[in-house]
1. How about segment 1-101: which helices (runs of 4 or more DSSP H) wholly inside it have at least 3 residues that are of a type in the set (Gly, Ala, Ser)?
2. Could you list all residues from segment 24-44 that are over 15 Å from LEU94 (Cα atoms) and open to solvent by less than 70 Å² (accessible area, probe 1.4 Å)?
3. So ASP51 passes all but one of these: (1) surrounded by 17 or more Cβ atoms within 10 Å (Cβ to Cβ); (2) at pLDDT 90 or above; (3) in contact with a strand residue (DSSP E or B) (Cβ under 6 Å, 6 or more places away or on another chain). Which condition number does it fail?
4. Exactly one condition in (1) open to solvent by less than 40 Å² (accessible area, probe 1.4 Å); (2) of a type in the set (A, V, I, L, M, F, W, C); (3) without any contact (Cβ under 8 Å) to a residue 12 or more places away in the chain is not met by ALA59; state its number.
5. Go through GLY37, GLY42, GLY54 for me and flag whichever is closer than 17 Å to PRO9 by Cβ and out of contact with any helix residue (DSSP H, G or I) (no Cβ under 6 Å at 6 or more places or on another chain).
6. So, in segment 62-109, of the ones that are open to solvent by 10 Å² or more (accessible area, probe 1.4 Å) and hydroxyl-bearing (Ser, Thr, Tyr), which residue ends up nearest to HIS31 (Cα to Cα)?
Amino acid sequence: MSPFRPLTPPHLPDLLRALQTEPVTNVFLLHLARRTGLRAHGGTDFYGHRDEKGRLIGAGAFGPTLLPWAPRPETAALIADEARRRWGQWRALLGEARSIDSLWERLKP
């Protein structure tokens, strides 16, 4: 498992390709990535998780709203760690149920 690393504009094609495998499920993160081009925007930072082959297998946008894409439990754990680090910076959690449920289990008080 790779660490959770910042995503920057050169990573955009890789992220879009991964998110477009389920465009309805990933609509919020997909929209924000397209709109910002992965440039820090309004305090939002993008992070990604890659497997041992370098494929993007999860991501999150951290800003006023936390937008996770965590189809795997190990990614949810990484997003939760980053979300705790940024506690108080984000006010809402938005995304697909399997990502949100897994993440919330790790974050709820």
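1. Because the criterion is at least 3 residues that are of a type in the set (Gly, Ala, Ser), the helices (runs of 4 or more DSSP H) in segment 1-101 that meet it are 73-85.
2. THR36, GLY37, LEU38, GLY42, GLY43
3. With (1) surrounded by 17 or more Cβ atoms within 10 Å (Cβ to Cβ); (2) at pLDDT 90 or above; (3) in contact with a strand residue (DSSP E or B) (Cβ under 6 Å, 6 or more places away or on another chain) applied to ASP51, the lone miss is (1).
4. (3)
5. Just one listed residue meets the conditions, GLY42.
6. THR65
The values are calculated or read from the model by the stated rules, or taken from the named source; none is laboratory data. Since this is a predicted model, take the numbers as computed values, not measurements. Don't worry about glycine lacking a Cβ; one is built from the backbone with ideal geometry, like all the others, and counts go over all protein chains shown. Ligands, DNA and RNA are stripped out before the accessible areas are found, and what is left, the full protein with its side chains, is counted by its heavy atoms. Shrake-Rupley method; radii C 1.70, N 1.55, O 1.52, S 1.80 Å.
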